[in-house]
Amino acid sequence: MEKQQPALQIIDATKTFGKKTAVDHVSFDLHPGEVFGFLGPNGAGKTTLIKMVMGFIRPDAGTIIINGFNRKTHYEEAMESIGGIVENPEMYSNLSARLNLQMYARLHKNVTNERIDEVLRLVGLQDRANEAVKKYSLGMKQRIGLAQALLHRPKVLILDEPTNGLDPAGIHQLRDILKQTAHEEGTAVMVSSHLLSEMQLMCDRIGIISHGKLLQICSIDDLTKQAEQSSIYRIKTSNPEAAQKILSQKEGLKISNLTSNTLDVEIDETGINECVRMMVASGSDILGVQKLESSLEEAFLEITGGGINVE
Amino acid sequence: MSKIFKLYTNEMIKLSHKISVWILVGLMLIATFLTPLYIWKQFKNQNLYEQEYPTKTSITKERDSIAEQLGDTDKYTKRASLQFMQGDHVVDLFATYYDLPDSLYDQYALLYCYNAMLANYDFDKYPIGDTYLAFRAYSNFSMQCHTMVELNAIPFEERDTSWYNEYINQNELLELSRTALFNHDYNAFYEYLKANNKGYYSYDNIIENVFKKFLEIDPNGELSIDETNNYISAFYAIFDFKETLELGVEYDGNTYQFLTDARKKEIEDKVTILEYQLQNNKLASIMSTDVTQANLYTQAFPRFFLMLLLILVAGSSVSQEMATGSIKSLIIAPVKRWKIFVAKLMSVFTWVIVGSFLITLISTTMYSCLYGSDILQPYYYVSGGEVKTIPFFLFSLLYFLVNNISLFIYILLAFMISCMTKNAGLSVGITSVLLVGNTFVNSLILIFGNRTWIDMLPSSNMNLVPLIFQNIILYSTGTDEVLTLLSGNPTNSLQFSIIYLVVLAGTILLIAYDAFVKKDIQ
């Protein structure tokens, strides 16, 4: 992969509110064409960081560089390249969606009326664009918010909890739009969420934040691989204790949660085959083997020290 | 800069979609439209500008009613003869005297006067009230008639040399005023006025001077009542001002004050303007002056709605966006925050200008339609010794803005509170309370009079009209005393007030700027 200038650079960003450090020396880069998932439990500092990048909050320290422009010294040039939704999309509710977009477009360079029609079609609101936004449902408001965020073809697109209020079809569509925007138009997309499952489906990389600190950044592939390496399997057997004794001879295996007729083992895919063979060989009966869950969440909980909403 | 205008365009679009804005604009326009109509309807049937002058009909009517009360007038008349020494001569008199009860003196004198009038005066040729000259001759004639009756009422036996001297003197005066009135020869009458007014700085002296001036303009008393009144008012004002300048002292209603240089200049300018108007035949009629002032002052009613509108617009400008969250789409946009601040401020002030313009335009048009387009006078001022004018419409607009300087402060205040709170209702509410509070303070000032600390209050520095437009009132007509009472006299100098207001506005703006531009938006 050729070395490209990062679309967004956050260097050592820090923000404290009173005694609480909401964002603590966070640094990372966002590259063109990637979808970056910003994951963390409620109150981890996701929204504060996003508000800092979007110009709502002044960082106490640190530098934010958007599309090569330092936000501090070249505010307007930097902000020209950014689009997004913070928390809920809020429009002028007594104005039509189209007028809202036209007003927003006026503040950017080179946004034509054709472009407005284009984004309205993209989010599927072309037929109701002339209605006042106050008549819109929450999902429609999310869509018009997305349309506004995409309007000026930003180099960096930041969406804070974008799936709130969307129906499953809408979520699916949003994923498609985001992937398309990132992969085809080369936009760097950052999506924040506390829902891991959502992140898995749309992100290329994930950054995990907790208590204001950025704990880890990894690609979704690595995370999946890591998860695949050790999954939890529930083995149903008439004598779990005997089985435990047999399996404990094997290296790289963790046994947890012993009940009267099951035991859970944490091991990779090839390992479980051997476990089954060992139990069969020793004469233990196997009533069933079940893969319990991807341990991505487990991994996540471990990294963040718990407190995530798992759905 | 272009970003600010784009933001400004957006602000105006947002405001133009608010129903409350249009309701208040509607009310404001209706009020502007109806006030002149109301004034016109109220006063159209009252002949405020026509004085009651004697006519043949009125005099005949008066004469008949007096004659009826008196009954047979001959019964009051007695005749006798008398001899007395006047110098070296023996005067032999056959005299008439009236044996009148006290209550009937006046009646009889009037009857005497009316009879003479009806017998000698040509009402068809010269109505008495047409000019100042004729009317003054008339009132003097009736005064002399009265004096003659009084002299004749003195019992025959009590008359002596001094009575005789007085009789001769009064007879001469009666002849003078008779000539002036019946023959319209006012010169002799003027000479008499001049000879009989010895006091230099006196009211009579002014009358005499006015008479002389008027004699030059209208030697035969042919001008209409309106024109006469206008000239008289101007003459009186000029002589009054000149007398004040000469004395260097002015009575302000309570005490005598020495004229300051500024006040001296102000009076001199007024004299210059009045003399210019006289020379160029541009004297404003009293009616025109009153309508012009009515136009300026009745704008206060629509102003109320403009004030509500502006406080609503300014008060919700930032806070409402904060409350609904729509501010986000402004913050995300590639515009610096101070530009948003400036654009919002500009949009608010646009409504001040547009509102003032509309109120002035509609009001001026209405008054012009109702009273004729010539009625509204331009504003006269003196610059470099020359008299210059500002067309009425422009003057009216400027006047409105200066008169409503407090509006600017209240808007800034509402805007400031709007920047500091997320609650539009709160900011509109607080400003409204301050508005009412100011009215309360103003009434306190009326009660407690002027104290030093009162001079430092904002409301004491917002009455700039009398300081800037000194020549609105050139001379006194009936209405302006009320108007002066309403607006009050500024106690601080223009420079002080302007600096005060600039500092006040600057402070408010600075707080607002700090609250909006520097603050994090959560």
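The values are calculated or read from the model by the stated rules, or taken from the named source; none is laboratory data. Here the structure is a predicted model, which means the values were calculated and not measured. Every residue, glycine as well, gets a Cβ built from its backbone with ideal geometry; the counts of neighbours run over all protein chains shown. Quick note on the areas: whole protein, heavy atoms, side chains included, nothing else; ligands and nucleic acids left out. Shrake-Rupley method; radii C 1.70, N 1.55, O 1.52, S 1.80 Å.
So, B:E246, is that one part of a helix (DSSP H, G or I) and either without any contact (Cβ under 8 Å) to a residue 60 or more places away in the chain or under 28 Å from B:Y132 (Cα atoms) (or both) or not?
yes
I need the full set of residues from the stretch A:64-73 which are within 18 Å of A:A188 (Cβ to Cβ) and within 13 Å of chain B (Cβ to nearest Cβ), in order please.
Of everything in the stretch A:64-73, those that are within 18 Å of A:A188 (Cβ to Cβ) and within 13 Å of chain B (Cβ to nearest Cβ) turn out to be A:I66, A:N67, A:F69, A:R71.
Would you be able to say whether some residue in the stretch B:393-407 is farther than 30 Å from B:P36 by Cβ and in contact with a strand residue (DSSP E or B) (Cβ under 8 Å, 6 or more places away or on another chain)?
Checked against the condition, which is being farther than 30 Å from B:P36 by Cβ and in contact with a strand residue (DSSP E or B) (Cβ under 8 Å, 6 or more places away or on another chain), the stretch B:393-407 yields no hits at all.
Would you mention how many residues in the stretch A:96-107 are facing another protein chain (nearest Cβ under 8 Å) and crowded, with 20+ Cβ neighbours inside 10 Å?
Summing the residues that are facing another protein chain (nearest Cβ under 8 Å) and crowded, with 20+ Cβ neighbours inside 10 Å in the stretch A:96-107 gives 5.
Taking only pairs six or more apart or across chains, which ones have beta-carbon atoms under 7 Å, a first residue in the stretch A:44-56 that is on the phi > 0 side of the Ramachandran plot, and a second residue that is open to solvent by less than 10 Å² (accessible area, probe 1.4 Å) and assigned to a loop (DSSP other than H, G, I, E, B)?
Filtered contacts from the stretch A:44-56: A:G45/A:G212.
Conditions: (1) part of a strand (DSSP E or B); (2) modelled with pLDDT of 80 or more. A:S256 meets all but one. Number of the miss?
Condition not satisfied by A:S256: (2).
Looking at B:I331, B:I359, which is the one that is over 37 Å from the mean Cα position of the chain (by Cα) and either closer than 20 Å to B:I417 by Cα or more than 9 Å from chain A (Cβ to nearest Cβ) (or both)?
B:I331
Looking only at the stretch B:348-388, how many residues end up being surrounded by fewer than 15 Cβ atoms within 10 Å (Cβ to Cβ), closer than 21 Å to B:D290 by Cα and polar (S, T, N, Q)?
Result for the stretch B:348-388: 1.
Name the pairs whose Cβ atoms lie under 6 Å apart, with the first residue in the stretch B:489-515 and without any contact (Cβ under 8 Å) to a residue 24 or more places away in the chain, the second open to solvent by less than 40 Å² (accessible area, probe 1.4 Å), and 6 or more positions between them or separate chains?
Nothing qualifies.
Looking at the stretch B:249-293 only, could you name the residues that are among the polar types (S, T, N, Q) and free of Cβ contacts under 8 Å to residues at least 60 places away in the same chain?
Within the stretch B:249-293, B:N254, B:T255, B:Q257, B:T260, B:Q279, B:N280, B:N281 qualify.
Could you say whether any residue in the stretch A:104-117 is among the small types (G, A, S) and not in a helix (DSSP H, G or I)?
No: the stretch A:104-117 contains no residue that is among the small types (G, A, S) and not in a helix (DSSP H, G or I).
Can you say whether A:F36 is open to solvent by less than 10 Å² (accessible area, probe 1.4 Å) and away from chain B (no Cβ under 14 Å), as far as the supplied structure shows?
The answer is yes for A:F36.
What is the number of the single condition among (1) more than 14 Å from every other protein chain (Cβ to nearest Cβ); (2) surrounded by fewer than 17 Cβ atoms within 10 Å (Cβ to Cβ) that B:V25 does not meet?
All conditions pass for B:V25, except number (2).
Give the residues of the stretch B:315-347 that are of a type outside the set (V, I, T), open to solvent by less than 20 Å² (accessible area, probe 1.4 Å), farther than 25 Å from B:L407 by Cβ and in a helix (DSSP H, G or I), sorted by residue number.
B:S329, B:L330
Just a yes or no: is a residue in the stretch A:75-90 of a type outside the set (D, E, K, R), more than 9 Å from every other protein chain (Cβ to nearest Cβ) and open to solvent by 40 Å² or more (accessible area, probe 1.4 Å)?
No: the stretch A:75-90 contains no residue that is of a type outside the set (D, E, K, R), more than 9 Å from every other protein chain (Cβ to nearest Cβ) and open to solvent by 40 Å² or more (accessible area, probe 1.4 Å).
If only one of A:A61, A:A44 is of a type in the set (A, V, I, L, M), open to solvent by 30 Å² or more (accessible area, probe 1.4 Å) and away from every other protein chain (no Cβ under 11 Å), which one is it?
The unique qualifying residue is A:A61.
Of the numbered conditions (1) touching a Lys or Arg at 6+ places or on another chain (Cβ under 6 Å); (2) more than 30 Å from B:K194 (Cα to Cα), B:F156 satisfies every one except a single condition; which is it?
B:F156 satisfies all of (1) touching a Lys or Arg at 6+ places or on another chain (Cβ under 6 Å); (2) more than 30 Å from B:K194 (Cα to Cα) except (1).
Which is part of a helix (DSSP H, G or I) and free of Cβ contacts under 8 Å to residues at least 24 places away in the same chain, of B:E150, B:E157?
Going through B:E150, B:E157 in turn, the sole match is B:E157.
If you check every pair at least six apart or on different chains, which have Cβ atoms under 7 Å apart with a residue in the stretch B:1-18 that is more than 10 Å from every other protein chain (Cβ to nearest Cβ) first and a residue that is of a type outside the set (V, I, T) and surrounded by 15 or more Cβ atoms within 10 Å (Cβ to Cβ) second?
Listed by first residue and then by second, the contacts come to B:I4/B:K339; B:I4/B:A343; B:Y8/B:A343; B:Y8/B:M346; B:Y8/B:S347; B:M12/B:S347; B:L15/B:S347.
Check B:E158, B:E208 and return the single one that is of a type outside the set (S, T, Y) and open to solvent by 70 Å² or more (accessible area, probe 1.4 Å).
B:E158
Of the residues in the stretch B:261-302, how many are in the same structural domain as B:K422 (by TED's automatic domain parsing) and modelled with pLDDT of 85 or more?
Selection size over the stretch B:261-302: 1.
Somewhere in the stretch B:131-146, is a residue aliphatic (A, V, I, L, M), over 16 Å from B:A180 (Cβ atoms) and surrounded by fewer than 17 Cβ atoms within 10 Å (Cβ to Cβ)?
no
Write out, first by first residue and then by second, each pair whose Cβ atoms fall under 6 Å of each other, whose residues are 6+ apart or on separate chains, and whose first residue, in the stretch B:454-472, is under 27 Å from B:F393 (Cα atoms) while the second is in a loop (DSSP other than H, G, I, E, B) and open to solvent by 30 Å² or more (accessible area, probe 1.4 Å).
Correct list of pairs: B:N463/B:P490; B:P466/B:P490; B:L467/B:P490.
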